[in-house]
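One structure is given here, and the rest of the page talks about it.
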Amino acid sequence: MKIRITSDSTCDLNSLVETRNIGILPLQVTLDDKSYHDGVDITPTDIFKFVKETGILPKTSAPSIGDYEEFFKAELEAGYDFLIHFNISAKSSGSHNMAKQAAESFGGKVRVIDSKALSTGQGLLVMKAADLRDEGKSVDEIEEEILSLRAKVNTSFVPDSLDYLHKGGRVSGMVKTVAAMFKIHPLIYMDDGQLVPGKKYRGKPEVYLKQYVEDLKNQYPNYDKTRCFITHSTADQVFVDAAKEKVEELFEFDEVIETVAGSIVTSHCGKNTLGVLFITK
């Protein structure tokens, strides 16, 4: 039985999709009236340039039911018996419902999972599914294990600036101004598939990011040591290094993987946003 793990591009796994045999369906990003495909023909740098020049955020959109049907059909025709497909949280995008409707055309050969996460929070589940596939688990066993892990994924990040969140209507102008004035950086995390604000950090990124990692260790003393992602929206390397150094000091992960967030996530959070993501116990 050949099982293929697939995902929307929002999993932000970069080159790991090739090394771990993971299929990707890109979401769309629209700049002015031209549409691009996340991870294919648009980069975060393009997003930053567009926002700087226009002052507005790009529009992002999910694939249509037809797009999913074509994607699933092509994957199955490549010789796979089953697909297990992951979507960004249904509370963040309509992609999950589109994929579920498309999957109905394939007689149970396509299992669609709402990750209840985004970025490498979603990616952690995709990678775990690939681990289980490589261990020879059945499609039912993989699906059951993944569903049991969804609530245990720490999906959190800290934006350097609230500019993009303000432009997207997620914070008010007053909140943005006060945050900039006092160098406040709110933690944002996933709670049952929905983004909510948490602790407010202050100061320079290389300082508050270390405190963020310390807080994660205190909050989650027990965790899956298989892997951790440090995912950022093209952050300055000094900030990434500060977070990675603290993760390696406090945690005992088998691997700490740095990935760069794609255009979908970047469109909503802006440059220098960084998250440390892993599965808890």
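In the set 110, 158, which member is buried (at least 20 other Cβ atoms within 10 Å of the Cβ), touching a Leu at 6+ places or on another chain (Cβ under 7 Å), among the aliphatic types (A, V, I, L, M) and over 24 Å from residue 2 (Cα atoms)? Walk me through it before giving the result.
Working: 110 fails: over 24 Å from residue 2 (Cα atoms).
One residue alone meets the criteria, 158.
For the range 257-281, which positions are within 15 Å of residue 217 (Cα to Cα) and assigned to a strand (DSSP E or B)?
Step one: list which residues in the range 257-281 are within 15 Å of residue 217 (Cα to Cα), which gives 275-281.
Scanning the range 257-281 gives 275, 276, 277, 278, 279, 280.
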When (1) buried (at least 16 other Cβ atoms within 10 Å of the Cβ); (2) under 26 Å from residue 87 (Cβ atoms); (3) among the hydroxyl-bearing types (Ser, Thr, Tyr); (4) touching a residue at least 40 places away in the same chain (Cβ under 8 Å) are applied to residue 201, the one that fails is (2)
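For (1) open to solvent by 60 Å² or more (accessible area, probe 1.4 Å); (2) over 16 Å from residue 262 (Cα atoms); (3) modelled with pLDDT of 95 or more, each residue gets a yes or a no:
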{"site": "4", "(1), (2), (3)": "no, yes, yes"}
{"site": "27", "(1), (2), (3)": "no, no, no"}
{"site": "33", "(1), (2), (3)": "yes, yes, no"}
{"site": "40", "(1), (2), (3)": "yes, no, no"}
{"site": "44", "(1), (2), (3)": "no, no, no"}
{"site": "48", "(1), (2), (3)": "no, no, no"}
{"site": "81", "(1), (2), (3)": "yes, yes, yes"}
{"site": "87", "(1), (2), (3)": "no, no, yes"}
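State yes or no: is residue 64 over 21 Å from residue 146 (Cβ atoms), surrounded by fewer than 23 Cβ atoms within 10 Å (Cβ to Cβ) and polar (S, T, N, Q)?
Details: over 21 Å from residue 146 (Cβ atoms): yes; surrounded by fewer than 23 Cβ atoms within 10 Å (Cβ to Cβ): yes; polar (S, T, N, Q): yes.
Considered against the rule, which asks whether it is over 21 Å from residue 146 (Cβ atoms), surrounded by fewer than 23 Cβ atoms within 10 Å (Cβ to Cβ) and polar (S, T, N, Q), residue 64 comes out as yes.
Can you tell which of 130, 99, 117 is part of a helix (DSSP H, G or I) and over 11 Å from residue 146 (Cα atoms)? Don't jump to the end; show me each part of the working.
Details: 130 fails: over 11 Å from residue 146 (Cα atoms); 117 fails: part of a helix (DSSP H, G or I).
Exactly one residue qualifies, and that residue is 99.
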Residue 123 vs (1) over 13 Å from residue 155 (Cβ atoms); (2) touching a helix residue (DSSP H, G or I) at 6+ places or on another chain (Cβ under 6 Å): all pass except (1)
Among the numbered criteria (1) buried (at least 23 other Cβ atoms within 10 Å of the Cβ); (2) touching a His at 6+ places or on another chain (Cβ under 9 Å), which single criterion is violated by residue 71?
-> (1)
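The values are calculated or read from the model by the stated rules, or taken from the named source; none is laboratory data. Since this is a predicted model, take the numbers as computed values, not measurements. Heads up, the Cβs are rebuilt from the backbone with ideal geometry, glycines too, and the neighbour counts pull from every protein chain shown. Quick note on the areas: whole protein, heavy atoms, side chains included, nothing else; ligands and nucleic acids left out. Shrake-Rupley method; radii C 1.70, N 1.55, O 1.52, S 1.80 Å.
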